[in-house]
Amino acid sequence: MLLSAKNIGKTYGEEVILQGISLELDGGQSLAVTGPSGSGKSTLLSLLGLMLSPTVGEIWYKNEDIGKLAEDRKDRLRNQEFGFIFQSANLIGSLTVLDNVLVPAYLAKNRQMKEKAVNLLREFELGHRLDYYPSELSVGQKRRVAIARALLLDPAVVFADEPTNDLDPQLCSWVGDYLLGLPAQGCALVVVTHDLGLSARADKVVAIADGHLQ
Ligand SMILES: Nc1ncnc2c1ncn2[C@@H]1O[C@H](COP(=O)(O)OP(=O)(O)O)[C@@H](O)[C@H]1O
Ligand SMILES: [Mg+2]
């Protein structure tokens, strides 16, 4: 078992957002999370990826209860073991495409990653946009920059929140194929998606409704 949630829940004030969620992911496996808008998918992804802390329950990663780690160890996990592709790309507007992709390397104090970042961006057909700023990119280009950034440090798990949303059919199928190809390279994938073509090809699918697993 690589990553598991044990009976986790999240409440904000009186409001229960997620309750009683347990799931498991092996290394090199893909898990799709589906469910209607507002059902708690993004919150679940953030809990699994240590972007948020559960109100109750435990998150285990490589035989360790990672919710209990000190903040610096959580930072290290988020930076070096996990890759996060946010719903809205979340690029840094004042940094170029290349520097956005290099942010995880700067945080890890690893200055030797420029060639790898350039190669990833070339693979994603963005080799001619290295010096552009996010505001000068299309939605699909921003999405590919966000994917490159998430992959720079060879994470063990990639978390992707609706990564094929708002893309044209061709790019949609490219992103889906690319992300579903990660497990074969040893990188587990947790993907929130409404894309039935994508979820149907994942190793496991879970549906949430109203904060509960179905
Ligand atoms: N920081 C927050 N404070 C209060 N409520 C929140 C917060 N974040 C999300 N929620 C609520 O949690 C519910 C689930 O949100 P979310 O996980 O984004 O759903 P989904 O991704 O499935 O659309 C929504 O009702 C949303 O308003
Ligand atoms: Mg969401």
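The values are calculated or read from the model by the stated rules, or taken from the named source; none is laboratory data. These figures come from a predicted structure and were not determined experimentally. A quick note on method: Cβ atoms are made from the backbone with ideal geometry, for glycine too, and the neighbour counts reach across all protein chains shown.
Could you pull out every one of the helices (runs of 4 or more DSSP H) wholly within the stretch 100-214 that has 3 or more residues that are of a type outside the set (G, A, S) and either within 16 Å of ligand 2 (Cβ to nearest atom) or in contact (Cβ under 8 Å) with a residue 60 or more places away in the chain (or both)? Steps first, please.
Details: elements: 114-123, 139-151, 169-181, 196-199.
Here the list reads 139-151.
Let's see how each residue does on (1) among the polar types (S, T, N, Q); (2) at pLDDT 95 or above:
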position	(1), (2)
D177	no, yes
G181	no, yes
A188	no, yes
V191	no, yes
D195	no, no
R201	no, yes
A207	no, yes
Q214	yes, no
| request: Go through (1) of a type in the set (S, T, N, Q); (2) away from ligand 2 (no atom under 16 Å from the Cβ); (3) under 30 Å from L130 (Cα atoms) one by one and return the number of the condition T55 breaks. | output: (3)
| message | Checking S42 against (1) under 21 Å from I147 (Cα atoms); (2) without any contact (Cβ under 8 Å) to a residue 60 or more places away in the chain; (3) in a helix (DSSP H, G or I), only one condition comes out false. Which one? | response | (2)
| message | I need every pair where a residue in the stretch 81-99 that is assigned to a strand (DSSP E or B) has its Cβ under 8 Å from the Cβ of a residue that is of a type in the set (F, W, Y), sequence separation at least 6 or different chains. | response | F82/F159; G83/F159; F84/F159; I85/F159
| field | Complete set of residues in the stretch 45-62 that are without any contact (Cβ under 8 Å) to a residue 40 or more places away in the chain and more than 16 Å from ligand 1 (Cβ to nearest atom) | value | none
| query | If we scan the stretch 36-49, do we find a residue that is closer than 21 Å to D154 by Cβ, of a type in the set (K, R) and surrounded by 15 or more Cβ atoms within 10 Å (Cβ to Cβ)? | reply | no
